[in-house]
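The values are calculated or read from the model by the stated rules, or taken from the named source; none is laboratory data. Predicted model only: the values in this text are computed from it and were never measured. Cβ sites come from the backbone with ideal geometry, for glycine too, and all protein chains shown count toward neighbours.
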Amino acid sequence: MRISQTWFLSVRYFIKIGLFFYTKQTKVNGLENIPKKGAVLFAINHPNGLLDPLVVTTHNPRINFFLVRAAAFKKSFIKKILESLNLMPIYRIRDGIQQLSNNEEIFNKCYKILERKDTLVIFPEGTHNRKRTARPLSKGFTRIVSGALEKFPDLDIAVIPVGLTYQNASIFPSKVCVNYGSPINTRNIFDANTKAKSINILKKEVSNQLEKLSVHITDDENYNNVLSKLNKAQVDFTEVDIVNKMIQENSFPKEKKKAINFVKPLYYLIVLNSIIPMLIWKKISKKIDEIEFVDTFRFAINLFVFPIFYLLQTCFVGFFYNAKTAFIYLFFSLLLVFIYSKFSPTNTEIN
């Protein structure tokens, strides 16, 4: 195994452990749809910032390459780290018209990735938005598919739509559902139709699947009314098929009271035991201007600052007492977080 693969897999495993403590539950359906070999492009909806690619890749058997917003690559040190983890920048008009020419190089890298029969992760909606609706898709992913098929006539590319649905994005802890859809054979589509028609067929097929793989409320004048009924009923949004059936049939459960959080007292113990990380989070949270990035920054702090702080406190306990006491302290610190994240109710909010 190459060093780069070992590094990627090690980091992925570390992030997966972090997500285990951060989320109440992660449901994954359709893993059998992912080919063990061959070129695959995963087309994913984008409700929750940079947490989305982390959730998908930690519950995916393949080693993935990602296209993410170019703004994340501004600092050279961060850029090197992101590139080492198979992330590549995609430039949009908001990044400056002069930057758009850089996409040609990125697209060529994508062609080579698919030609090697690796996997590529793309968010074809273009931007993140936690609205519970499948949004219109950009043509970027279809350009990559058509370009790779033209450049490599013997290449087959499977496009697999992936639906992400959070019970309560930006609220800790939350449940999340990852639904892998049916593979779309792009070679068959592009061989049987003109390029323009093939692109429309591919976009339509991905859109149709995303509407079924994630909770989809049509974004019209009835959107807020439908969402309000679902929230008042405290439905489990990660039961995607059930919720979509309610929406399609316009039949909703009766209003239900929010569940009482019986483990709430543990939260205050966690705060007392994690006062410095909590203060850091409180300061950072005030600077977050997009709600879709709340989970991104909070998870980063949970992943790095909390473990370091607990280890330092463990060392202090061991220094003043003994190793056994230090181990017991660390064990119960992690146990508190585990119990709170796994047993807190995930009530819905009116949003």
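Yes/no per residue for (1) among the hydroxyl-bearing types (Ser, Thr, Tyr); (2) under 22 Å from TYR166 (Cα atoms); (3) in contact (Cβ under 8 Å) with a residue 60 or more places away in the chain; (4) in the same structural domain as THR127 (by TED's automatic domain parsing):
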{"site": "ASN273", "(1), (2), (3), (4)": "no, no, yes, no"}
{"site": "ILE276", "(1), (2), (3), (4)": "no, no, no, no"}
{"site": "GLU290", "(1), (2), (3), (4)": "no, yes, yes, no"}
{"site": "ARG298", "(1), (2), (3), (4)": "no, yes, yes, no"}
{"site": "LEU303", "(1), (2), (3), (4)": "no, yes, yes, no"}
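Would you check if there is a residue in segment 233-248 being at pLDDT below 95 and exposed (fewer than 15 other Cβ atoms within 10 Å of the Cβ)? No, segment 233-248 has no match at all. Among the residues of segment 206-234, those identified as more than 30 Å from VAL159 (Cβ to Cβ) and touching a residue at least 24 places away in the same chain (Cβ under 8 Å) are SER228, ASN231, LYS232, GLN234. THR194 meets the conditions (1) surrounded by fewer than 18 Cβ atoms within 10 Å (Cβ to Cβ); (2) polar (S, T, N, Q); (3) closer than 18 Å to THR133 by Cα in every case but one. The failed one is (3).
Among the residues of segment 326-348, those identified as touching a residue at least 60 places away in the same chain (Cβ under 8 Å) and either surrounded by 18 or more Cβ atoms within 10 Å (Cβ to Cβ) or of a type in the set (A, V, I, L, M) (or both) are SER333, LEU334, LEU336, VAL337, ILE339, TYR340, SER341, SER344, THR346, THR348.
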